[in-house]
1. State whether one or more residues within segment 19-26 are surrounded by 14 or more Cβ atoms within 10 Å (Cβ to Cβ), assigned to a strand (DSSP E or B) and in contact (Cβ under 8 Å) with a residue 12 or more places away in the chain.
2. Is it true that some residue in segment 9-22 is under 19 Å from residue 105 (Cα atoms), modelled with pLDDT of 90 or more and more than 12 Å from the chain's Cα centre (by Cα)?
3. Suppose we keep only residues that are surrounded by 12 or more Cβ atoms within 10 Å (Cβ to Cβ) and assigned to a loop (DSSP other than H, G, I, E, B) within segment 84-102. Which one would you say is modelled with the highest pLDDT?
4. Picking from 63, 108, which residue would you name as being surrounded by fewer than 16 Cβ atoms within 10 Å (Cβ to Cβ), closer than 17 Å to residue 37 by Cα and modelled with pLDDT of 80 or more?
5. Condition (residue is on the phi < 0 side of the Ramachandran plot, touching a helix residue (DSSP H, G or I) at 6+ places or on another chain (Cβ under 7 Å) and modelled with pLDDT under 90) applied to segment 66-83: is it met by at least one residue?
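The values are calculated or read from the model by the stated rules, or taken from the named source; none is laboratory data. Just so you know, these numbers come straight off a predicted model, no measurement behind them. Glycine gets a Cβ as well: all are built from the backbone with ideal geometry, and neighbour counts include every protein chain shown.
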């Protein structure tokens with residue numbers, strides 16, 4: 001008998017967010033078919049040597065409700081800055097009664113799935 005294979009290394013694990021690269025462009029929010037994500041941001045002016053200050057969106061909060069998410073990957077495909085991606089590292093969940101509150105992940109919960117994933121992504125390119 002042969003040993004069972006481990007499967008491909010590029011399987012979808014869970015959604016992860018890199019909050020550093022997120023520009024709060026709202027593309028993922030607008031295109032999500034189940035509207036399971038929410039995002040809040042504010043505008044900051046940054047003087048970077050030009051004649052006038054540059055206005056940039058700064059991410060305040062980002063949440064995904066995994067109770068509504070159907071894991072279609074549209075948000076990952078459309079993110080122009082690759083801030084949302086599939087992480088092989090699962091999100092930290094507690095097994096048990098499946099309380100609805102534990103299905104909503106904020107920035108910290110989504111960033112916890114980062115691990116060494118950005119380094120792996122950069123090595124593949």
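1. no
2. No, the conditions are met nowhere in segment 9-22.
3. Start the filter on segment 84-102 by keeping residues that are surrounded by 12 or more Cβ atoms within 10 Å (Cβ to Cβ), which leaves 84-89, 91, 93, 102.
Remaining after also requiring assigned to a loop (DSSP other than H, G, I, E, B): 88-89, 91, 93.
Numbers: 88: 76, 89: 69, 91: 60, 93: 52.
Once the filter is applied, the top-ranked residue is 88.
4. On the way: 63 fails: surrounded by fewer than 16 Cβ atoms within 10 Å (Cβ to Cβ).
Just one listed residue meets the conditions, 108.
5. Taking every residue of segment 66-83 in turn, at least one turns out to be on the phi < 0 side of the Ramachandran plot, touching a helix residue (DSSP H, G or I) at 6+ places or on another chain (Cβ under 7 Å) and modelled with pLDDT under 90.
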